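The values are calculated or read from the model by the stated rules, or taken from the named source; none is laboratory data. These figures come from a predicted structure and were not determined experimentally. Here Cβ is always computed from backbone atoms with ideal geometry, including for glycine, and neighbour counts include all displayed protein chains.
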Amino acid sequence: MSNGKHGIVPLVHSTNMTIMTFTSKLALALTAVATSSTALSIRDTDVQCITQQEMVDAIDAWTNAVYQVGEGYRDNGCDGALPAAEGAIAAAYAYEYATVHFKPTVTTAEPGVVMRPTAGGALSYFVGECAGDEHIEGDGGFGISGGTGWTEIVWGDGEEGTSGGVVNGTEGANGLVANFTAEYGAGGAAPFTFSTDDSNCEQAIASGPMCFRNENAAVCVDKTFVYTRSPSNETLPILMTVHHSSSAVEGSGNSKAEYEN
């Protein structure tokens, strides 16, 4: 009889026929499980699992690309920022191969543009009016950041005493790292979480805080990246299918939304 907790089905009849039928069904079920397990085992050997190091490398490449967009704008205006952004989007996002769910930190509330499901929408977010016909009203260009770009981008790559991202500048450059360290621990390390679960290791997840600074502003946002392996040798080895970014609401008690140095 069932005890009401494990869903055990009672044997209503005690005839030999009932027992044989039950035994036969049990044998078939066990065979199915064994076959399924074997299939999964074979599949696992063929899957190229995404590793934490690959995600660290991909995020570092992305932060460097954001820096290069700003550098390109400082040196050559839109002529410098646009190709840098186009190259970064093509190399880091899976727009050419899959559906991409990109939710920037701040976008206009106009329907249809809060998410950026196309490479053109992503380009508008990163370079604003430099995107030309792809520009979406309200996008100022995150990578350009008011014309100065970002001189520091810091994130914890999960290794104690280290941090990923780019740090450029002199005396002022240590301000963001120091604040990041005070908020999150030694060296700005460990706040990023990496999911490389074996059951779905070809779709890996990385999430955590990332901080940006230039001469006018310093801001930290919470990032979530989901990666899939690239089918092309002309991109990064893994590509983003999800990029979600959010920041703390002012007055929420979360102190990491903005740093002033």
- Considering only the range 190-237, state which residues are aliphatic (A, V, I, L, M), in a strand (DSSP E or B) and at pLDDT 85 or above. A204, I205, A206, M210, V221, V226
- Message: Exactly one condition in (1) touching a residue at least 60 places away in the same chain (Cβ under 8 Å); (2) touching a His at 6+ places or on another chain (Cβ under 8 Å); (3) in a loop (DSSP other than H, G, I, E, B) is false for F102; which is it?
- Response: (3)
- Task: Return the only residue of A109, A92, A131, A88 being modelled with pLDDT of 95 or more and either out of contact with any Phe, Trp or Tyr (no Cβ under 8 Å at 6 or more places or on another chain) or surrounded by fewer than 17 Cβ atoms within 10 Å (Cβ to Cβ) (or both).
- Result: A131
- Item | Check on V66, within 22 Å of P209 (Cβ to Cβ), in contact (Cβ under 8 Å) with a residue 60 or more places away in the chain, touching a helix residue (DSSP H, G or I) at 6+ places or on another chain (Cβ under 8 Å) and aliphatic (A, V, I, L, M) | yes
- Query: Quick one: in the range 134-178, which of the residues that are under 18 Å from S245 (Cβ atoms) and of a type in the set (D, E) is modelled with the highest pLDDT?
  - Reply: D139
